[in-house]
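**Student:** Once you've had a glance at the structure underneath, I'll fire off some questions.
The values are calculated or read from the model by the stated rules, or taken from the named source; none is laboratory data. Treat the numbers as computed from the prediction; the structure is a model and nothing was measured. Don't worry about glycine lacking a Cβ; one is built from the backbone with ideal geometry, like all the others, and counts go over all protein chains shown. Ligands, DNA and RNA are excluded from the accessible area calculation, which covers all protein heavy atoms including side chains. Shrake-Rupley method; radii C 1.70, N 1.55, O 1.52, S 1.80 Å.
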There are 2 protein chains.
Amino acid sequence: MMEKLYLGADIGGTTVKLAVINGDGDIKKKWEIKTNTENRGASIPQDIHVAFEEALKELHIEKDQIAGIGAGAPGFVDTDTGYIHEAVNIGWKDFDFGEQLKALTGLPVWVDNDANLAALGENWLGAGRGAEHLIAVTLGTGVGGGIITNGQIINGANGTAAEIGHMTVVKEGGAPCNCGKTGCLETEASATGIVRKAKNALTDFEQSILKDSIVSGRLNSKEVFEAVYKGDELAVTVINDVMDTLGLAIANLAIAMNPEKIVIGGGVSKAGDLLLDPLQEAYNKYALNRTREASSFGIAELGNDAGVIGGAYLVKKNQ
Amino acid sequence: MMEKLYLGADIGGTTVKLAVINGDGDIKKKWEIKTNTENRGASIPQDIHVAFEEALKELHIEKDQIAGIGAGAPGFVDTDTGYIHEAVNIGWKDFDFGEQLKALTGLPVWVDNDANLAALGENWLGAGRGAEHLIAVTLGTGVGGGIITNGQIINGANGTAAEIGHMTVVKEGGAPCNCGKTGCLETEASATGIVRKAKNALTDFEQSILKDSIVSGRLNSKEVFEAVYKGDELAVTVINDVMDTLGLAIANLAIAMNPEKIVIGGGVSKAGDLLLDPLQEAYNKYALNRTREASSFGIAELGNDAGVIGGAYLVKKNQ
């Protein structure tokens, strides 16, 4: 019998990541194409179709070996139909992406939110391997998330589930968020939030080794973690404060979801134990004993491949 | 063809509620037996078995008409096996309730947490009818919950899911909770929390019509809502404050789950619109626009029958 193969597509604002993956998760080929956002992203389905056709030819793969395409987009997705309510970075609004890609390729197509696909990828082959109940948190410029319960992604009533960056963690007087609210988790625990809080803390810690970077406006969150490693008081105070807030938010979510695995990904997660240690301490303080006993933390393992691997897994799970 | 029937059992600390229900949700018979907590609740499986046997005889129902038993217990349940990790009020610890009831009755048995079953009952025939994604919140002496996503109850990794009364809503200096933490939602938004907050507010509102009840120590949460109706400032302030906190907690959950329905039950929910109006106002303030657009609130409709109806539905869904 021929080996079944799965196509994954992870559509971002600048590139579309593509991969051909087998049932064991081995990547046969992975590559990127430019995201053409001209004309409100109208050519993207065709661009993806052509890219896959060429790759299959190059790899001498017959189309009937392909079980389907799993695609992720950064926006609100109707997962039943692959219809995109809105994906601001791409330019899509009320766009029947799933139907178009299906018509072009003649293959079954499943579409989901990109953060959900990344969570699914980690669930298949990464830090959340095999977990039936998983919370994935992505810490980057913003804070994103993906939640899996009973082995299934939660999309919710209108594809908005797991937008955990917008949980309110500062009830009053919090920083303004892009969503229009204030005090969202994203304003506190993102790379942007860490830098802002470090700046604000300078008056209390004039001796900080971060002073020059702060004053020159070049500080980034990586530097703050490096300063924690060197024992800088400003950095330690800010990171402990941020991780206390993040630990509280994750504990509250975990009390509701009772996950076995909590996966931290995104650029900020490269801080590794400098992030995980204070985060777990805060989590342990705010979680129920039984919630804590059931769960463990891990840093995401699949990096930029999480989305395409999640896409392949979405097909494998649904076929 | 004979009509299929479903048996529901809702095991509480003082009584076990029982019912025989058909596939349309019509209750053929409902009754209660005393919960025998002697000997750590060892006789309860036998008591339930005998009660059902007698009822079937009385109703002239043959056993092969019964599709199974759905039972709820107030504790941590392994839903795969019906094993009870712990149910403090009953006296059970590491108790193979499901296996025993199955062996005694010869019927398929499904067991879940009682709050989850109540959510499932409302999901079948009550305020959450037909919702694929639902959050049920029970406001009584404590605060409980049940969460349904993708049409399924979330139990989580060790049966602790939806313990939303223990989400931390006061980060520092909150009231102590039975769980060992402080500032849990249960310490703020339960009947107990409302009464405590009304007492604490008396110094600011000496003219309150609740003064006598507070001083005599007889105040209950129902009286606080009645005082809101009469425009009492202390009562209005306390209820707005409590509902702001509850609205924030539910909004944070809803941002993660994206429910279509949020069902408020328990004794406190009898306040109806006096509770729902300030709660929705707070929810609208803290939820994302898309989250809010997808969701509506309702007061639980099934009262004390929610558990047995949920039990019957658990069988119907799984058979």
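**Student:** Identify all residues within the stretch A:70-81 that are more than 10 Å from residue A:114 (Cα to Cα) and part of a loop (DSSP other than H, G, I, E, B); write none if there are none. Spell out the reasoning first.
**Tutor:** At the first step, the residues of the stretch A:70-81 found to be more than 10 Å from residue A:114 (Cα to Cα) are A:70, A:78-81.
Selection gives A:79, A:80, A:81.
**Student:** Let me ask you something else. Only one of these is of a type outside the set (Phe, Trp, Tyr), on the phi < 0 side of the Ramachandran plot, crowded, with 20+ Cβ neighbours inside 10 Å and out of contact with any Ser or Thr (no Cβ under 6 Å at 6 or more places or on another chain): A:255, A:250. Name it. First the steps, then the outcome.
**Tutor:** On the way: A:255 fails: out of contact with any Ser or Thr (no Cβ under 6 Å at 6 or more places or on another chain).
Going through A:255, A:250 in turn, just one is of a type outside the set (Phe, Trp, Tyr), on the phi < 0 side of the Ramachandran plot, crowded, with 20+ Cβ neighbours inside 10 Å and out of contact with any Ser or Thr (no Cβ under 6 Å at 6 or more places or on another chain): A:250.
**Student:** Hey, another quick one. Yes or no: the stretch B:229-244 includes at least one residue that is small (Gly, Ala, Ser) and at pLDDT below 95.
**Tutor:** Of the stretch B:229-244, the ones small (Gly, Ala, Ser) are B:231, B:235.
Now drop any that are not at pLDDT below 95, which leaves none.
The answer is no, given that none of the residues of the stretch B:229-244 is small (Gly, Ala, Ser) and at pLDDT below 95.
**Student:** Considering only the stretch B:124-136, I want to know if a residue exists there that is touching a Ser or Thr at 6+ places or on another chain (Cβ under 6 Å) and open to solvent by less than 40 Å² (accessible area, probe 1.4 Å).
**Tutor:** First, pick out the residues of the stretch B:124-136 that are touching a Ser or Thr at 6+ places or on another chain (Cβ under 6 Å): B:133.
If we keep only those that are open to solvent by less than 40 Å² (accessible area, probe 1.4 Å) too, we end up with B:133.
Yes.
**Student:** Still on this structure: So which residues in the stretch B:78-103 are at pLDDT 95 or above and open to solvent by less than 40 Å² (accessible area, probe 1.4 Å), if there are any at all?
**Tutor:** Passing the criteria: B:82, B:84, B:92, B:95, B:97, B:98, B:101.
**Student:** Next up: Specify which of the listed residues (A:16, A:77, A:20, A:109) is of a type in the set (A, V, I, L, M) and over 30 Å from residue A:158 (Cβ atoms).
**Tutor:** Values: A:16 fails: over 30 Å from residue A:158 (Cβ atoms); A:77 fails: over 30 Å from residue A:158 (Cβ atoms); A:109 fails: over 30 Å from residue A:158 (Cβ atoms).
Selected residue: A:20, the only one of A:16, A:77, A:20, A:109 that is of a type in the set (A, V, I, L, M) and over 30 Å from residue A:158 (Cβ atoms).
**Student:** Just to be sure before I move on: is residue A:301 outside any helix (DSSP H, G or I) and either closer than 25 Å to residue B:179 by Cα or open to solvent by 50 Å² or more (accessible area, probe 1.4 Å) (or both) in the structure I sent?
**Tutor:** Values: outside any helix (DSSP H, G or I): yes; either closer than 25 Å to residue B:179 by Cα or open to solvent by 50 Å² or more (accessible area, probe 1.4 Å) (or both): yes.
Considered against the rule, which asks whether it is outside any helix (DSSP H, G or I) and either closer than 25 Å to residue B:179 by Cα or open to solvent by 50 Å² or more (accessible area, probe 1.4 Å) (or both), residue A:301 comes out as yes.
**Student:** I've got another one for you. How many residues does the stretch B:104-123 hold that are surrounded by fewer than 22 Cβ atoms within 10 Å (Cβ to Cβ) and touching a Lys or Arg at 6+ places or on another chain (Cβ under 8 Å)?
**Tutor:** Number satisfying all stated conditions: 3.
**Student:** Can you tell me which residue is nearest to residue B:229 (Cα to Cα) among those in the stretch B:181-196 that are assigned to a helix (DSSP H, G or I) and among the hydroxyl-bearing types (Ser, Thr, Tyr)? First the steps, then the outcome.
**Tutor:** Here is the first cut: in the stretch B:181-196, the residues assigned to a helix (DSSP H, G or I) are B:185-189, B:191-196.
If we keep only those that are among the hydroxyl-bearing types (Ser, Thr, Tyr) too, we end up with B:187, B:192.
Details: B:187: 24, B:192: 20 Å.
By that ranking, first place goes to B:192.
**Student:** Restricting to the stretch A:270-319, give me the number of residues that are of a type in the set (D, E, K, R) and over 30 Å from residue B:185 (Cα atoms).
**Tutor:** 6
**Student:** Next up: Pairs under 8 Å by beta carbon, first residue of a type in the set (Asp, Glu) in the stretch A:290-303, partner not in a strand (DSSP E or B), six or more apart or different chains?
**Tutor:** A:293/B:158; A:301/A:122; A:301/A:125; A:301/A:126; A:301/A:127
**Student:** Moving on to the next point. Residues that are free of Cβ contacts under 8 Å to residues at least 24 places away in the same chain and within 14 Å of chain B (Cβ to nearest Cβ): which strands (runs of 3 or more DSSP E) entirely in the stretch A:94-178 hold 2 or more of them?
**Tutor:** Numbers: elements: A:109-113, A:134-139, A:143-149.
Ranges flagged: none.
Quick grid of which residues meet (1) within 26 Å of residue A:75 (Cα to Cα); (2) aliphatic (A, V, I, L, M); (3) more than 18 Å from the chain's Cα centre (by Cα); (4) away from every other protein chain (no Cβ under 14 Å):
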| residue | (1), (2), (3), (4) |
| --- | --- |
| B:210 | no, yes, yes, yes |
| B:213 | no, no, yes, yes |
| B:230 | no, no, yes, yes |
| B:243 | no, yes, yes, no |
| B:271 | no, yes, no, yes |
| B:286 | yes, no, yes, no |
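**Student:** Follow-up. Quick one: would you say residue B:78 is acidic (Asp, Glu) and within 14 Å of chain A (Cβ to nearest Cβ)?
**Tutor:** yes
**Student:** Only one of (1) away from chain A (no Cβ under 14 Å); (2) surrounded by 22 or more Cβ atoms within 10 Å (Cβ to Cβ); (3) among the polar types (S, T, N, Q) is not met by residue B:291, so which one is it?
**Tutor:** If we test residue B:291 against (1) away from chain A (no Cβ under 14 Å); (2) surrounded by 22 or more Cβ atoms within 10 Å (Cβ to Cβ); (3) among the polar types (S, T, N, Q), just (1) comes out false.
**Student:** Restricting attention to the stretch A:192-239, which residues are in contact (Cβ under 8 Å) with a residue 40 or more places away in the chain, open to solvent by less than 70 Å² (accessible area, probe 1.4 Å) and touching a Leu at 6+ places or on another chain (Cβ under 8 Å)?
**Tutor:** Just the residues of the stretch A:192-239 that are in contact (Cβ under 8 Å) with a residue 40 or more places away in the chain, to begin with: A:192-194, A:197-198, A:221-222, A:225, A:228-229, A:238-239.
If we keep only those that are open to solvent by less than 70 Å² (accessible area, probe 1.4 Å) as well, we get A:193-194, A:197-198, A:221, A:225, A:228, A:238-239.
Within the stretch A:192-239, A:198, A:225, A:228, A:239 meet the criteria.
**Student:** Name the residues in the stretch A:183-203 that are polar (S, T, N, Q) and touching a strand residue (DSSP E or B) at 6+ places or on another chain (Cβ under 9 Å), would you? Step through it out loud before you land on a result.
**Tutor:** Filtering the stretch A:183-203 for residues polar (S, T, N, Q) gives A:187, A:190, A:192, A:200, A:203.
Hits for the stretch A:183-203 are A:187, A:190.
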